[in-house]
Each structure stands twice: as C-alpha cells, then as structure tokens.
Amino acid sequence: MSAEQNPTSSTPTAEPRPGRLTVAAALAGLEGLALTVGGVWMLVLGLTGSDDRQQAVTGGITLIVLALLPLLAARGLLLCRRWSRGPAVITQILALPVAYNLLQADSVAIPAGIVLAVVAVTVLVLLVNAETTRALGIRGPGEAPDEK
C-alpha cells in the first residue's frame, strides 16, 4: 500500500471542523428534514382524498425535491466542501421571504415564521463567519492561494 492509501501518524491531518460549521450544517439539515416531512404530509393528504388532489400531490413532490438543496448543502458543510456554502446561503435567502409570509398570517403559522426567520438568519451569520470561510477553503477577493 502507498502512503496515500495508508496514512501514518507522520502525515499531516486536516484541520478539525469548526463548531460553527457543524451548527450551520445541522440547521440546514433540519430545514431539509422539515421540508421533506411537509412534502410527505402533503403527498399523503393528496393521495388519501384531499379536496384538490392534484395540487396536494404537486405541492408535496415539489417540497420533497426542494428539500434536496438544504440536505445536500448540509452534507457538504459537514464534509467541509467549498461548494456547499453557496446552496446553503441560497436556501437561507429563500427562507426569509417564506418566514415573512408566515409572520403575516393570523394563525398558528406565526411561531413557525419566527422559528424559520431565526434559523435562516443564524445560518447566514454562521456561513459568512471568517472561521467557517477558512474551514471551507474559501478565499476573499485579492487573497493569494495557500502554498501547500
């Protein structure tokens, strides 16, 4: 076996994942899970006799497909993949208008809107943090590449 296949203690190890990145990944994963649960719930309602079956099934499938974005982003963040910050940020930016609409409702949706807004802003702050950016290997404009 080569040294690449069988690393020894003398080979340098990767930096540990920052806690901020882990929290951002967990929150993004929870958002994806919530979208999946909501999609399955709509799909089941549509298939078991909703008033507008086609709309319920379409909405359920749409939510399940949309759940893939934060779930993939969460996995990428956990693995410290550079590409994962983009989908995670996009997901949070899209969540903010949804949270605003939930806050405008006169129903039980208001607490859900508050939670969604807090989670979206929290994840955005965690993702633009300098420690997170370094861990993902993202350089700012004008920064020289790392010499390795």
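The values are calculated or read from the model by the stated rules, or taken from the named source; none is laboratory data. All of these numbers come straight from a predicted model, not from anything done at the bench. Here the Cβ positions follow ideal geometry from the backbone for every residue, glycine too, while neighbour counts run over all protein chains shown. The accessibility values were calculated without ligands, DNA or RNA, using every heavy atom of the protein model including side chains. Shrake-Rupley method; radii C 1.70, N 1.55, O 1.52, S 1.80 Å.
Residue 25 meets all of the listed conditions (1) among the hydrophobic types (A, V, I, L, M, F, W, C); (2) at pLDDT below 95; (3) crowded, with 16+ Cβ neighbours inside 10 Å but one, namely (2).
Only one entry of 137, 86, 113 meets the criterion of being free of Cβ contacts under 8 Å to residues at least 60 places away in the same chain and in contact with a Lys or Arg (Cβ under 7 Å, 6 or more places away or on another chain), and that entry is 137.
The listed residues are 91, 36, and the only one of them that is under 22 Å from residue 19 (Cα atoms), β-branched (Val, Ile, Thr) and out of contact with any strand residue (DSSP E or B) (no Cβ under 6 Å at 6 or more places or on another chain) turns out to be 91. Screening 38, 60, 46 for residues that are touching a residue at least 12 places away in the same chain (Cβ under 8 Å), more than 28 Å from residue 135 (Cβ to Cβ), more than 20 Å from the chain's Cα centre (by Cα) and surrounded by 15 or more Cβ atoms within 10 Å (Cβ to Cβ) leaves exactly one candidate, 46.
For the stretch 90-105, the set of residues classified as surrounded by fewer than 17 Cβ atoms within 10 Å (Cβ to Cβ) and either in contact (Cβ under 8 Å) with a residue 12 or more places away in the chain or in contact with a Lys or Arg (Cβ under 8 Å, 6 or more places away or on another chain) (or both) consists of 90, 93, 96, 98, 100, 101, 103, listed by residue number.
When the criteria are applied in full, residue 118 fails the requirement of being open to solvent by less than 50 Å² (accessible area, probe 1.4 Å) and either among the hydrophobic types (A, V, I, L, M, F, W, C) or within 19 Å of residue 17 (Cβ to Cβ) (or both).
Of the set (1) closer than 19 Å to residue 135 by Cβ; (2) open to solvent by 80 Å² or more (accessible area, probe 1.4 Å), all apply to residue 66 but (1).
Suppose the filter is farther than 17 Å from residue 132 by Cα and either in contact with a Pro (Cβ under 6 Å, 6 or more places away or on another chain) or of a type outside the set (Phe, Trp, Tyr) (or both); does residue 90 pass it? When the stated conditions are applied, residue 90 does not pass them.
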